[in-house]
Amino acid sequence: MTLTHEQYLLLLTPEVRELIDRSIDRAPERIALDKRMPHAALVATQVKYLSRARTKLPDYFAARCILPPRAFEQASSQACAARKNCSGERVLDLTCGLGVDSYHLAKRFREVVALERDPVLAAVAAENFRRLGAENIRVVNASAEEFLASDGEHFDWIYADPDRRAADGRKLVRLEACSPDIVGLLPRIRRRADACCIKNSPLFDVDETFRLFGPCRTEAVSWHDECKEVVVYADGTGPLLTAVAIGQGEFSARPDTVPPPPAQPFAPDAYRWLFQPDVAIQKSRLTQLHLQDRADCWSANGYGFARERCEGLLGRWFEIERIEPYDPRALKRELAGRRFTLLKQEFPIPAAEICRRTGIREGGEGRIAFTRIGQDYWTIRLK
């Protein structure tokens, strides 16, 4: 759903702003059906997205910013936007959208120039920056292509978060298919800035960053163990991979320093603890290096196994009750009808199929993990 110019003008009026503020704790569906309320559908939509902004965009919620639905869905969370690791005098944001990244870049740069090709969204972003008190952001209603084609200003950094939705709604992963085409624009970007920072889909392959940008810094960023974005810093440094688990910490290493798997065969009776790496560690393919000398791990996407639990790792520890070969018939005889939370790493059988074969039902407080090491499948009972 896009916001029309007429709706935007209504959202600027004191009447509608007061209605939104008075209704902020009401259920949006009740607001939409309230025949006594003027512009009920518009007010309901804003209340719905402001409610979601309490956690995703708390500053936007506090300032009662205008939140167009499609722009809100595509926007970075403030937690991720605040992670952007670049600073200087001037930065150009090629893809302003709702402006969350521009808003946080403004805390690291003296001046931000934010491009937005949609005139209504450009006006919304400028109004929101006013409400947020971000006075060092200048919004320009222009596309990245036309702005970079003109001769003009030089920047310390250029930032972009390309649109990863096709016209038919499909999600796009290849950077060249997104809008704007950052790969095609790279020669122009490099003429106008000393460095660039590109936010990519969480599905983006970290190896692609080095193919497209050469030596660079690449961060896989997770929040609550969900990968949110893969960010490239092409500033002449690197190659370096960093896993960032917001709220937990981060871990960095060169991509060519990953150690080989343990030489010894897997000995299930030797381990007391199971380590599940945070998704950012897995996305960066840094699991084995992160666990080096602290836990045994046989693949880049596998579990870690340890005799003793150790602190300072990005992920979760589980105490092991016992490890046994995966035998669905034996599990069915013992556990059919009981509820467990199922964990999987490097295990090719879907959770629904595991449940069908074993009779286990998903959702209990107990936990059972499944994994593959080499050619062998294992079941790990957890305490």
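The values are calculated or read from the model by the stated rules, or taken from the named source; none is laboratory data. Model, not experiment: these values are computed from the prediction. Don't worry about glycine lacking a Cβ; one is built from the backbone with ideal geometry, like all the others, and counts go over all protein chains shown. The area values use the complete protein model at the heavy-atom level, side chains included, leaving out ligands, DNA and RNA. Shrake-Rupley method; radii C 1.70, N 1.55, O 1.52, S 1.80 Å.
Inspection of segment 327-348 identifies no residue that is surrounded by 15 or more Cβ atoms within 10 Å (Cβ to Cβ), aliphatic (A, V, I, L, M) and under 30 Å from PRO239 (Cα atoms). Can you confirm whether ALA79 is in contact with a strand residue (DSSP E or B) (Cβ under 7 Å, 6 or more places away or on another chain), surrounded by fewer than 24 Cβ atoms within 10 Å (Cβ to Cβ) and either of a type in the set (A, V, I, L, M, F, W, C) or in contact (Cβ under 8 Å) with a residue 60 or more places away in the chain (or both)? Yes: the conditions hold for ALA79.
For beta carbons closer than 6 Å, sequence separation of 6+ or different chains, a first residue in segment 252-280 that is touching a residue at least 40 places away in the same chain (Cβ under 8 Å) and β-branched (Val, Ile, Thr) and a second that is open to solvent by 30 Å² or more (accessible area, probe 1.4 Å) and part of a loop (DSSP other than H, G, I, E, B), the qualifying pairs are VAL279/ASP225.
Would you call PHE129 closer than 22 Å to ARG64 by Cα and of a type in the set (Phe, Trp, Tyr)? Yes.
Checked against the criterion of being touching a helix residue (DSSP H, G or I) at 6+ places or on another chain (Cβ under 7 Å), open to solvent by less than 20 Å² (accessible area, probe 1.4 Å) and either touching a residue at least 12 places away in the same chain (Cβ under 8 Å) or not aromatic (Phe, Trp, Tyr) (or both), the candidates PHE72, PHE109 yield just one match: PHE72.
Specify the residue that is farthest from GLN74 (Cα to Cα); the eligible residues are those in segment 12-52 that are over 30 Å from the mean Cα position of the chain (by Cα), open to solvent by less than 50 Å² (accessible area, probe 1.4 Å) and among the aliphatic types (A, V, I, L, M). Only one residue tops the list, namely MET37. For segment 60-109, taking the residues that are part of a loop (DSSP other than H, G, I, E, B), over 18 Å from SER179 (Cβ atoms) and of a type in the set (S, T, N, Q), the one that is farthest from the chain's Cα centre (by Cα) is identified as SER87.
When segment 88-100 is filtered for residues that are more than 11 Å from TYR159 (Cα to Cα) and either among the small types (Gly, Ala, Ser) or open to solvent by less than 10 Å² (accessible area, probe 1.4 Å) (or both), the ones remaining, listed by number, are GLY88, GLY97, LEU98, GLY99, VAL100.
From the list ALA177, ALA167, ALA193, the one residue that fits, being more than 29 Å from LEU314 (Cα to Cα), among the aliphatic types (A, V, I, L, M) and open to solvent by 60 Å² or more (accessible area, probe 1.4 Å), is ALA167.
Among the residues here, LEU172 qualifies as aliphatic (A, V, I, L, M), in contact with a strand residue (DSSP E or B) (Cβ under 8 Å, 6 or more places away or on another chain) and surrounded by fewer than 22 Cβ atoms within 10 Å (Cβ to Cβ).
Within segment 112-151, the set of residues being more than 15 Å from LEU92 (Cα to Cα) and either surrounded by fewer than 16 Cβ atoms within 10 Å (Cβ to Cβ) or among the hydroxyl-bearing types (Ser, Thr, Tyr) (or both) comprises PRO119, ARG130, ARG131, GLY133, GLU135.
For the residues ALA126, ALA149, the requirement of being on the phi < 0 side of the Ramachandran plot and under 27 Å from the mean Cα position of the chain (by Cα) singles out ALA126. Scanning segment 247-284 for residues that are surrounded by 20 or more Cβ atoms within 10 Å (Cβ to Cβ) and of a type in the set (D, E, K, R) gives ASP278, LYS283.
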